Amino acid sequence: MTSPSLGDELLGVVARLNRWASRQAVFDVPPAQARLLAQLDELGPSRIGDLAQADHTSQPTMSAQVGRLEQRGWVQRSADPADARASLIALSPMGAETLASVRRARGAVVAPVVEQLGAADRARLEDAVAVLRELLAIAVAAEDPSPATKGQ
């Protein structure tokens, strides 16, 4: 059995690396907006309430955040086929490209650090990334349906 502290350590290291890369990278997207773009990329078209729940924020805060993304042309609204009174928020092509740009900028910061590793450690890192992808797939498969797909 795996110690719960391994999970804590894994999440702590990944979060710190993520924050470090975001601090070092140069991009013109506020971090909260980049996080919301990534959330939409992961969840797909979602209601404001579902986005707020996924981000642990209030609906009014999420509405304001979505409004800012909408003004920039990074998201699109469409009618929710399950409830005509509600809207679904989805990444626009410009939003997807903006998110890709943020990810490239962050990856460009990490790449030289990875290159400092020896060949054996880079190979171990490649293996670790594969294991992390597997871990994520297992976690996603085990979770309840995402808020965006409940009721569909």
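The values are calculated or read from the model by the stated rules, or taken from the named source; none is laboratory data. What you see is a predicted model, and the numbers here were worked out from it, not measured in a lab. Cβ coordinates were reconstructed from backbone atoms using ideal geometry, including for glycine residues, and neighbour counts include every protein chain displayed. Surface areas here come from the heavy atoms of the whole protein model, side chains and all, with no ligands, DNA or RNA. Shrake-Rupley method; radii C 1.70, N 1.55, O 1.52, S 1.80 Å.
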Is one or more of the residues making up the range 24-38 assigned to a helix (DSSP H, G or I), within 26 Å of P112 (Cα to Cα), open to solvent by 70 Å² or more (accessible area, probe 1.4 Å) and in contact with a Ser or Thr (Cβ under 8 Å, 6 or more places away or on another chain)? yes
Yes/no for V102 being surrounded by 12 or more Cβ atoms within 10 Å (Cβ to Cβ) and free of Cβ contacts under 8 Å to residues at least 60 places away in the same chain: no
Checking A111 against (1) open to solvent by 30 Å² or more (accessible area, probe 1.4 Å); (2) in contact (Cβ under 8 Å) with a residue 24 or more places away in the chain: exactly one of these is not met. Which one? (2)
With the checklist (1) touching a strand residue (DSSP E or B) at 6+ places or on another chain (Cβ under 7 Å); (2) under 29 Å from V131 (Cα atoms); (3) open to solvent by less than 50 Å² (accessible area, probe 1.4 Å) in hand, flag the one item P45 doesn't pass. (3)
Single residue of the range 71-95 satisfying the filter (part of a helix (DSSP H, G or I) and in contact (Cβ under 8 Å) with a residue 12 or more places away in the chain) that is nearest to A54 (Cα to Cα): G95
